[in-house]
Every structure is written in C-alpha cells, then in structure tokens.
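See structure below.
Coordinate-derived values only; no laboratory data. Keep in mind it's a predicted model, so treat the numbers as computed, not measured. Every residue, glycine among them, receives a Cβ derived from its backbone with ideal geometry; neighbour counts consider all protein chains shown.
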Amino acid sequence: MPADNRLRIILAIVAVAVIAILAVDPIAQPQDYHHFADQRGLLNIPNFCNVLSNLPFVIVGIMGMRLVGSGRASGGLAELQSVYLTFFAGVFLTGFGSAYYHYHPDNQTLLWDRLPMTIAFMALFSAVVGEYISSRLALKLFVPLLAAGIASVIYWHVTELDGSGDLRAYVLVQFLPVLLIPLILWLFKSRLNGDKYIWGIIGAYAASKFMELFDTPLYSVLDMISGHSLKHLTAAFGAFIFYRALRERKKSTE
C-alpha cells in the first residue's frame, strides 16, 4: 500500500476519534477513582505501597536519561535523541508525580500525576512515528503533541476547578496513541529491527490497565499487594523494555 494511503488511514482514524469524543457529553472525574484498595500506611506514609511502587519509574527514568545523554542509545535513531530523552524525563517525573498523588489522592494532586505521564505518552508516540513513518514528521509533530498532551491535562484541571470537569481531551490524548501505535506497526516497516520491543511495551501497558481495573480483586487474592501497585510496577517495566530497545536494536538490513 502506498505511504500516502497509509497516512490517510491514520488521519481518518484521528478525525473520527476527535469527532466522536466531541460528540460525547463532558466527562467529570469520578470521585471514587481516588479510593484505592490498599490504604495501609507505614513509616508515617499513607498508602505506603501505592507510593513506594512508583520508585521503579524514577530508577528507569534515570537509567534512560543517562543512556541517551551519554550518546550510548545506539538502538535508536540519532535524530530522535531529544524525543527519547523527553520520554525518560517524563517517566522519571511520573515517579514523583504519582507518588505525590498517592500520598494524598484527590483531584488537586492528580494533576501532578497526569502531567508527566502525558509527556511520556506523547514522547513515546512521537518516537514510534519517527522510527516507523518518518523522523522528519515526528520532529515536526513532537512539540505540538507535547503541547496538546499538557493542554489536555490543564484543561481537565481548570474545568474541575470550575465545577464542570471535562476529561474528554485527556481521554483522547491517552488512548488514541494506544490505538494508533499497533496500526503503525502493522502498516509501516521500522528502520530498526526488533518490533518485539514495541509490542512488549504495548503488552505491558495493557497489563497495567488490567491491574488498575481489578485493583480490589487482586488485592483480595494477593493480600500483600494491590492491583494498583502492580500497575505501577508493570508500567515501569514497559518503560524498561524501551530502555532495552535503545541499547540492543540495530539498523534494519531490509
């Protein structure tokens, strides 16, 4: 299939998604979102496990920033180094933002959980566009995508303060890349080998959302750890998979 037609398919999906989300009524943040299964405290830290389980984000973020900053990310494309660095910076900040949120979960602290997470999402999506479609296109989209992601979180926060919370833009920027990345992997060929790494990231993300959804049942079964804490660990593992990709992939010979 010609590249122009493949891009038209992606643009059509984006257009349909935007129209569909605008057709939905504003979505307020459910307050029961903040009620997690494991509320045990330890060492004067409330919700200790949900706070501590963010540490892997900080560790993987540091590892990734050091790898990219030192010029040793040979498993990526040279022109996308700033994108990779932003991804790991977002992962690093997610560790602190999410820990802060879980220390005192409410809409105010949730802002600082979602902002760095959205930065990481947008950077990862830009990296996939660059590696599979065009690095030039990725660099053109990178800053607008970051701005759109940050704006979606700020818009939600401002509307919550006004008493008319609206999550629609945030839902769009979080889940549209999850839909588009597998499609891009199917339609385009990467300049790097090792598609398994990107599929591994997708699998880790899907598993983390499953664990988040079944927070209470998993806590009831496992007793020592909740689904939400497992979500943090699994999502951080997804970031670690990308770190390994930047160390081990090679330029494709095909």
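Observations on the structure shown:
- Helical runs (DSSP H, four residues minimum) scored at -39500 (n - 2.57) apiece and divided by the length of the chain put the mean residue ellipticity at 222 nm at -25000 deg cm²/dmol.
- Calculated semi-axes √(5λ) of the Cα gyration tensor in Å (choose from (i) 34, 28, 25; (ii) 39, 23, 17; (iii) 30, 23, 16), label: (iii)
- Note on residue 136 and residue 9: the model spin-label points, each 7 Å out from Cα along the C-beta direction, lie 2.3 nm apart.
- Contact order normalised by residue count of the chain, Cα under 8 Å, 6+ apart, percent: 25 percent
- Label-reachable residues, the range 96-128, where backbone N falls under 12 Å from a point 7 Å from residue 34's Cα toward its Cβ: 101-111
- Look at the dipole of the range 48-193 built from charges on Cβ: of 110, 80, 94, the Cα furthest out on the positive end belongs to 80.
- Scanning residues 5 or more positions from residue 249 or on other chains, those with amide H under 5 Å from its amide H are 75, with H placed 1.01 Å from N in the peptide plane.
- Dipole magnitude for the range 1-81: computed about the Cα centre from +1 point charges on Lys and Arg Cβ and -1 point charges on Asp and Glu Cβ, it is near 320 debye.
- Segment residue 191-residue 175, extension gain: residue separation times 0.36 nm, minus the distance between their alpha carbons: 3.2 nm
- Inter-centroid distance (Cα atoms) of the range 227-254 relative to the range 22-47, Å: 27 Å
- Label separation (residue 252 vs residue 216): 4.6 nm, computed from points 7 Å beyond Cα along the C-beta direction.
- Inter-label distance for residue 162 and residue 19, nm, one decimal - labels placed 7 Å from Cα along Cα-to-Cβ: 2.6 nm
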